[in-house]
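The next block holds one structure in the form of structure tokens; read it before the comments.
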Amino acid sequence: MKVVILAGGFGTRISEESHLKPKPMIEIGGEPILWHIMKHYSRYGFNDFVICLGYKSFVVKDYFANYYLHTSDVTFDIKNNTVKYMKSENEPWKVTLAETGLNTMTGGRILRVKDYVGDETFMMTYGDGVCDVDLSELLKFHRSHGKIATLTAVPAVQRFGVLGIDGNQVNQFREKRDDDSSTINGGFMVLEPEVFKYLKDDSTVFEREPLETLSREGQLMAYRHYGYWQCMDTQRDKKNLEELWDSGKAPWKTW
């Protein structure tokens, strides 16, 4: 099963670092947050990734092009022009890096990788949020209800779309108001290929018309997660994630 990760945004709220690299490449504990997300998926056996690129895509491409070099001890024999790799840590990953446009919206990015996903169920998340959700249980829940889309609903006070949930069905998806409670869309979604019918073009914001329409049609379900979830949206968020990682108690480290 493929995992689509949106990694093409500008990351304007964390511009202290995103002016040099895309937000998913900002490091936590010496590795990009994108790597942390992929490690979590890999822990549950999901190793086929389609990463949607946009802003400073070359940084992501360079990282994966040289991944073997970054993770190995290396001897360079300058005289004989040879390279010997030792103690390498290979990941069982297949990574497709897709150029989905500099200004493309989230729904447009997903639509652009339709051919890579194919006619099969796939997972999708954002390239800036870590979580300790049980992905096997998430997939099991998705398969149990037969709807088009499942999102992970998390109790957190943030700046995202608010969910109205009846049982496990999302019957409302709208923008947050000041008086709202804190159940939000935490990403870590499972989607059927029928979702592509709800995506029009590059200007489609996935979290607006597509999810709103799916919820009205009874095709959007919520998998409730009460464990750890955090989006790295600001420099303060990054600092908190760094402190957790350095303490050896990072909740999202499931591998």
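Read the figures in this text as sums done on the coordinates, not as results from a lab. Bear in mind the structure is a predicted one, so any value in this text is a computation, not a measurement. As a convention, Cβ positions derive from the backbone with ideal geometry for all residues, glycine included, and neighbour counts pool all protein chains shown.
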**Q.** Length released on extending from Asp62 to Glu194, taking residue separation times 0.36 nm less the Cα-Cα span
**A.** 44.2 nm
Q. Per q in 0.11 1/Å, what log10 I(q)/I(0) does a Debye calculation on the alpha-carbon atoms of the stretch 12-152 return?
A. -0.51
Q. If one computes P(r) from the Cα atoms of the chain, what percent of pairs lie at distances over 23 Å?
A. 52 percent
Q. What is the dipole size for the chain, taken about its Cα centre, with +1 at each Lys and Arg Cβ and -1 at each Asp and Glu Cβ, in debye to the nearest 20?
A. 200 debye
Q.
Please list, ordered by chain and number, the residues whose modelled amide H lies under 5 Å from the amide H of Phe206; skip anything fewer than 5 residues away on the same chain.
A. Thr106, Gly107, Gly108
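Taking the number of other C-beta atoms within 10 Å as the exposure measure, put Thr234, Thr152 in order starting with the fewest. Mind showing how you got there, number by number?
Numbers: Thr234 13, Thr152 23.
Ordered by Cβ neighbours within 10 Å, fewest first: Thr234, Thr152.
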**Q.** Karplus-derived 3J(HN,Hα), 6.51/-1.76/1.60, for each residue of the stretch 228-236, Hz, glycine and proline x
**A.** 7, 7, 8, 9, 8, 9, 9, 4, 5
Q. What list of ³J(HN,Hα) values in whole Hz, one per residue of the stretch 134-149 in order, does the Karplus curve 6.51 cos²θ - 1.76 cosθ + 1.60 (θ = phi - 60°) give from phi, with Gly and Pro shown as x?
A. 7, 6, 5, 5, 4, 5, 4, 4, 4, 5, 6, 9, x, 8, 6, 9
Q | Residues with amide H under 5 Å from that of Lys2, placed H, sequence gap 5 or more | A | Met123
Q | Label-point separation, Lys84 to Ser144 (7 Å along Cα→Cβ), nm | A | 5.5 nm
**Q.** Phi to ³J(HN,Hα) by Karplus 6.51 cos²θ - 1.76 cosθ + 1.60 over the stretch 200-210, Hz, x for Gly, Pro
**A.** 9, 7, 4, 7, 6, 8, 4, 7, 9, 4, x
Q: Note the full-extension length gain between Asp119 and Asp77 as 0.36 nm times their separation in residues minus their Cα-Cα distance, in nm to one decimal.
A: 10.4 nm
Q.
Please arrange Val133, Val113 by how many other C-beta atoms lie within 10 Å of their C-beta, fewest to most.
A. Val113, Val133
Q: Note down the nm distance, to one decimal, between modelled labels 7 Å out along Cα→Cβ at Glu137 and at Glu217.
A: 3.0 nm
